Amino acid sequence: MRHIRQPELYSVDYNVLRQRFLSAARRSNAALFEYKHPLHGPDGENLFTDVAYLGERNASKKLVILSGTHGVEGQFGSACQAEWLSANNPLQLPADTALVIVHLINPWGTAWSRRVNEDNVDLNRNFIDWEVATPATTNMLNCMRLWFAPNGMAPIATVQIKCCRKREHRQVVMPALRPSSKQASTIVPTDCFMAVAARYGRTAPSMTS
């Protein structure tokens, strides 16, 4: 089958991303599963994480491909998934092998152009086994102390950060760490990600993790 490049390959519209992926998956004869998100997009649209399954249902070898872990990167990941499906149709997989393509695991973040999910959680820092106790962070904290406060004192600089997101504008005031070393220059966050990078994980699972 001749591959036809899809229109609006890097669209930022959530509905375009979803429909393009679903169309590519259907043309590949994938089994489709949808998981509805409890919240809505900026235009009131329903949000879904869609899963396309190709290959033997009981295959012992499964390759899982995710997109949209960080919502703002969902457009590129979605484009890659849809384009790959279109370019490899019909898909020929080895025996006992299946492909699981998870489209926009963080649909809320993609729809609202946010790195984090609806709980302000970076999913890349929240994929742990919630059936057991959360891992200790002693080593990480010790490393931070060595860098930011080698003499036992951690000076704090308070900065005001203006966050402009799709259909919202808010001002966030957060503490920003700076190195204690005289040779190190002050760290001044330039966006929200820099300011809260160490605070994206949480102590409980989110809807999408």
Which value in nm describes the separation of the simple spin-label points at D129 and V12, placed 7 Å from the Cα toward the beta carbon?
4.1
Given a Förster distance of 41 Å, report the FRET efficiency between K36 and A95 from their Cβ-Cβ distance, rounded to the nearest 0.05.
0.75
Say R0 is 25 Å: what FRET efficiency, to the nearest 0.05, do S23 and E56 get from their beta-carbon distance?
0.60
How much length is gained on full extension from S206 to L66, taking 0.36 nm per residue of separation minus their Cα-Cα distance?
48.7 nm
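Where a number appears in this text, it was derived from the coordinates with a stated rule and is not lab data. If you're wondering where the values come from, they're calculated on a predicted model, not measured in any experiment. Ideal geometry is used to build each Cβ from the backbone, glycine not excepted, and the neighbour counts take in all protein chains shown.
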